[in-house]
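Novice: Here you go, one structure.
FYI, it's all coordinate maths here, none of it is from the lab. Quick caveat, the model's predicted, so the values are computed rather than measured. Cβ: placed from backbone, ideal geometry, glycine included. Neighbour counts: every protein chain shown.
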Amino acid sequence: MPQAPNDLPLADKDPEVARLVRAEDVRQRDTIRLIASENYASRAVLEATGSSLTNKYAEGYPRKRYYEGMEVIDPLEELAIERAKRLFGAEHANVQPYSGSPANLATLLALCDPGDTILGLSLPAGGHLTHGWKVSATGIYYNAVQYGVRKDDHRIDMDQVRDLARTHRPKLIWCGHSAYPRILDFAAFAEIAQEVGAYLAADIAHIAGLVAGGVHPDPVPHCDVVTSTTHKTLRGPRGGLILCRAEHARAIDRAVFPGLQGGPHNHVTAAKAVAFGEALAPAFRDYARNVVANARALGEALVERGYDLVTGGTDNHLLLVDLTKTGISGRTAAKALDACAIEANGNAIPFDPRKPFDPSGLRVGLAALTSRGLATEHMTEVANLMDEVIRHAAAREGGVEDDFRDRIRGRVREFLSPFPAPGLPG
Ligand code: DSN
């Protein structure tokens, strides 16, 4: 058969990009990846993401499109919707959001008018930009009021949520977070929302895999809308998802398209369907349980080595380490760890006296390492490696000596070698 034009493999067509992609494969393989919002998607998810579906336009919804050629795209999107509804027990699912931030903006577009009051967890307390933080569109176009955590135990202050809701009568209340290590009490949020006549929206981007795996309380029965990304603990492709009650289905669908987005990313829709299928399998429940067990075990190992954890520990997949006592910031620690092939991010802690770009905390998540098969007994070595690097950097004003860096990188490579990284070439 003659070869189609433009049909060369990446390595031949564009060796420069191919080299960088391969370098990232190797980096992900040889790094202790602890960024709480990241994971390793399966080979099947990566394959669907890299498929011919990227070539197709499909503005609209199944059976109501503005384009032809939908005999594959329609059943595919229907399959993704059906699996998402089954996975979360939701009345309606929209699988088209490009990611979590557009999903949150679509929720506001669907349920609020510009200028309406919304109430969400503030960014410095562990919330997300899109829950009304001042520099986000959600804080610019809406009258955003923010709740926080208690000063003494750094847990969400439900009394403050209730007081603010009574005073400001928000149209919508957000619950959800990007850096909060404890379980959310969706029933308590729902009670407050009901009392003040607000919609309740949960952003479960970080914990979707834990909810699907049955190790975090379920927001769906309590919320009008539930938004998520699909690529964090849920372990799918980079993308977003909205679940809602049937009464909001039309408003949500119209907000996503044509309100906010154009054509859905069909290759990502296919990969979402694959990920939802994976999460419906019994093995995913074990995965979710192991993520939480690993986070607890790493937290305990760090506490044994003298570290302070915000709230004292964790109920979910992440830890927020307060590095104040070490004398270096979270950002400096993250940079030193990164030099040594241990990847985490600097993160504000509640009431942080430092600036957001150079905060006091280090956020650490266990979703990715658990996907490689690491278990609680391996967390001692993860804690040892982290501790050695942080102490080394703290003694050198953040600096990392070359021979120390090379030694730790070698240890990390050896430590990870029995745990192949899913989806990556060896
Ligand atoms: N940036 C994501 C995270 O790291 O939590 C949230 O948007």
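Novice: Mind ranking 121-128, 223-230 by how tightly packed they are, going by the mean number of other C-beta atoms within 10 angstrom, highest first? Each step should come with its number before you reach the end.
Specialist: Values: 121-128: 24.0, 223-230: 28.0.
Descending mean neighbour count gives 223-230, 121-128.
Novice: Within segment 32-54, list the residues whose amide N lies under 12 Å from a label point set 7 Å along Cα→Cβ of L8.
Specialist: none
Novice: Identify all aspartates and glutamates with a Cα-Cα distance to K151 below 14 Å; exclude those on the same chain that are fewer than 8 residues away in sequence.
Specialist: Straight-line reach from K151, under 14 Å: D159, D352.
Novice: Would any residue of segment 406-426 have its amide N under 20 Å from a label point 7 Å out along Cα→Cβ of R19? List them or say none.
Specialist: Once the point is set 7 Å along Cα→Cβ of R19, 425 turn out to lie under 20 Å by backbone N, inside segment 406-426.
Novice: May I pose another question? Using +1 on the beta carbon of Lys and Arg, -1 on that of Asp and Glu, and nothing else charged, what's the dipole of the chain about the Cα centre, debye to 20? Mind dumping the intermediate values first?
Specialist: Details: 48 positive and 53 negative charges, 35 e Å.
Dipole about the Cα centre, nearest 20: 160 debye.
Novice: Compute the normalised compactness of the chain: alpha-carbon radius of gyration over 2.2 N^0.38 Å, N being the residue count. Before the final figure, lay out each step's value.
Specialist: Numbers: Rg = 22.0 Å, N = 426, 2.2 N^0.38 = 22.0 Å.
Normalised Cα radius of gyration, the chain: 1.00.
Novice: Around H265, under 13 Å between beta carbons, what's the net of Lys plus Arg minus Asp minus Glu among the other residues?
Specialist: Details: positive: K56, R238, K272; negative: E59, E77.
With Lys, Arg at +1 and Asp, Glu at -1, the net is +1.
Novice: Please rank I207, I173, I73, I35, fewest neighbouring Cβ atoms within 10 Å first, as an exposure proxy.
Specialist: Values: I207 31, I173 28, I73 21, I35 18.
Fewest to most other Cβ atoms nearby, the residues stand as I35, I73, I173, I207.
Novice: Looking at the chain, send over the antiparallel percent of its DSSP beta bridges, to the nearest 5. Mind showing how you got there, number by number?
Specialist: Numbers: 21 of 38 bridges.
Roughly 55 percent of the DSSP beta bridges within the chain come out antiparallel.
Novice: If I model a spin label at T324 and Q28 as a point 7 Å from the Cα along the Cα→Cβ vector, what separation in nanometres do I get?
Specialist: Roughly 3.7 nm, to one decimal.
Novice: Here is a further query. Using Cα positions and a limit of under 18 Å, work out the aspartates and glutamates in reach of K85, with same-chain residues fewer than 8 apart set aside.
Specialist: Leaving aside aspartates and glutamates fewer than 8 places away in the same chain, those within reach of K85 are D74, E77, D203, D218, D224, E247, D253, E278.
Novice: Pop a pseudo-label 7 angstrom from the Cα along the beta-carbon direction at both A281 and M1 and give the gap in nm to one decimal.
Specialist: 2.9 nm
Novice: For the ranges 353-363, 10-20, 177-187, what's the packing order if you count other beta-carbon atoms within 10 Å of each residue, average per peptide, and put the highest first? Please list the in-between numbers first.
Specialist: Values: 353-363: 18.6, 10-20: 11.2, 177-187: 21.4.
Answer by packing, highest mean first, reads 177-187, 353-363, 10-20.
Novice: Okay, moving on. Quickly work out the V303-to-A246 label distance, labels modelled 7 Å from Cα along the C-beta direction, and quote it in nm with one decimal.
Specialist: Reported label-point gap for A246 and V303 is 4.6 nm.
Novice: For segment 367-426, go through all pairs of different Cα atoms, get the mean of 1/r, take its inverse, and jot down that Kirkwood value in Å. Before the final figure, lay out each step's value.
Specialist: Numbers: mean 1/r = 0.0777 Å⁻¹.
Roughly 12.9 Å, rounded to one decimal.
Novice: When Rg is the radius of gyration of the Cα atoms in segment 79-173 and Rh is its Kirkwood radius, what does Rg/Rh come to? Could the numbers behind the result be given before it?
Specialist: On the way: Rg = 15.1 Å, Rh = 14.6 Å.
Result for segment 79-173 is an Rg/Rh of 1.04.
Novice: Right, next: Considering only S42, A336, P9, whose Cα is most displaced toward the positive end of the charge dipole of the chain, charges sitting on Cβ of Lys, Arg (+1) and Asp, Glu (-1)?
Specialist: Of S42, A336, P9, it is A336.
Novice: For N143 and R63, what is the calculated FRET efficiency with R₀ set at 22 Å and r taken between the beta-carbons, to the nearest 0.05? Provide the component values of the computation, followed by the final result.
Specialist: Details: r = 38 Å, r/R0 = 1.75.
Using R0 = 22 Å, I get an efficiency of 0.05.
Novice: Sticking with this one: Rounded to the nearest 500 deg cm²/dmol, what is the calculated helix-only ellipticity per residue at 222 nm for the chain, with -39500 (n - 2.57) per DSSP H run of length n ≥ 4?
Specialist: Working: 16 runs with 176 residues, N = 426.
Mean residue ellipticity, 222 nm, calculated: -12500 deg cm²/dmol.
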